[in-house]
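Visitor: This is the structure, below, for whatever I ask next.
The values are calculated or read from the model by the stated rules, or taken from the named source; none is laboratory data. All values reported here derive from a predicted model rather than from experimental measurement. No Cβ is skipped: glycine too gets one built from the backbone with ideal geometry, and neighbour counts run over all protein chains shown.
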């Protein structure tokens, strides 16, 4: 029953919040966002993501920078969509001002910009949140998923996709 309650929130979160914003260079396996002059004074987020069950579709990532915007698809701070490169992979988000952030990520295996579900309404595509946070009857809260990025430093999140 709890999966039926979490599903509408997850589907609406990922349907709108994980739009492609930045094209990736074709010659790299590690996507980077917003490389700008002076980036050495800004922080970075490195995400080590595991659990891809295949190389189909895209990985969709949505980063939020405050509790009021968390899980609101209209208030995503940065988003990224890219092809998976292996069952375990890493990507980096550059040029982040010092602050507190939280993110959601999912593997859209069929590129339909939604988390697919089985006949019971349980997600059939992998998803995760920062800190590997999970909510009881829906997505985690911002406080459960938040982390701090410091200027001139790289914050690392090791995340595993969840499947049901």
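Visitor: Run down 126, 138 and say which single residue is in contact with a helix residue (DSSP H, G or I) (Cβ under 8 Å, 6 or more places away or on another chain) and surrounded by 15 or more Cβ atoms within 10 Å (Cβ to Cβ).
Guide: Numbers: 126 fails: in contact with a helix residue (DSSP H, G or I) (Cβ under 8 Å, 6 or more places away or on another chain).
Result of the check over 126, 138: 138.
Visitor: Ok, one more. Would you confirm, using the coordinates I've provided, whether residue 97 is buried (at least 20 other Cβ atoms within 10 Å of the Cβ) and more than 15 Å from the chain's Cα centre (by Cα)? Walk me through how you get there before you give the answer.
Guide: Values: buried (at least 20 other Cβ atoms within 10 Å of the Cβ): no; more than 15 Å from the chain's Cα centre (by Cα): yes.
Answer is no for this residue.
Visitor: Another question, then. Among the residues of region 74-94, write down those that are under 12 Å from the mean Cα position of the chain (by Cα) and more than 15 Å from residue 46 (Cβ to Cβ).
Guide: 76, 77, 79, 81
Visitor: Just to be sure before I move on: is residue 132 under 13 Å from the mean Cα position of the chain (by Cα) and either closer than 23 Å to residue 56 by Cβ or in contact (Cβ under 8 Å) with a residue 24 or more places away in the chain (or both) in the structure I sent?
Guide: For residue 132, the condition - under 13 Å from the mean Cα position of the chain (by Cα) and either closer than 23 Å to residue 56 by Cβ or in contact (Cβ under 8 Å) with a residue 24 or more places away in the chain (or both) - is met.
Visitor: Whether any residue in region 100-111 is exposed (fewer than 13 other Cβ atoms within 10 Å of the Cβ) and either outside any loop (DSSP other than H, G, I, E, B) or modelled with pLDDT under 90 (or both) is what I want to check.
Guide: no
Visitor: Residues being in contact with a helix residue (DSSP H, G or I) (Cβ under 6 Å, 6 or more places away or on another chain) and under 19 Å from residue 84 (Cβ atoms): count how many of those fall in region 106-123.
Guide: Here the count works out to 4.
Visitor: Among the candidates 70, 91, single out the residue that is outside any loop (DSSP other than H, G, I, E, B) and in contact with a strand residue (DSSP E or B) (Cβ under 6 Å, 6 or more places away or on another chain).
Guide: Testing whether each residue is outside any loop (DSSP other than H, G, I, E, B) and in contact with a strand residue (DSSP E or B) (Cβ under 6 Å, 6 or more places away or on another chain) leaves just 91.
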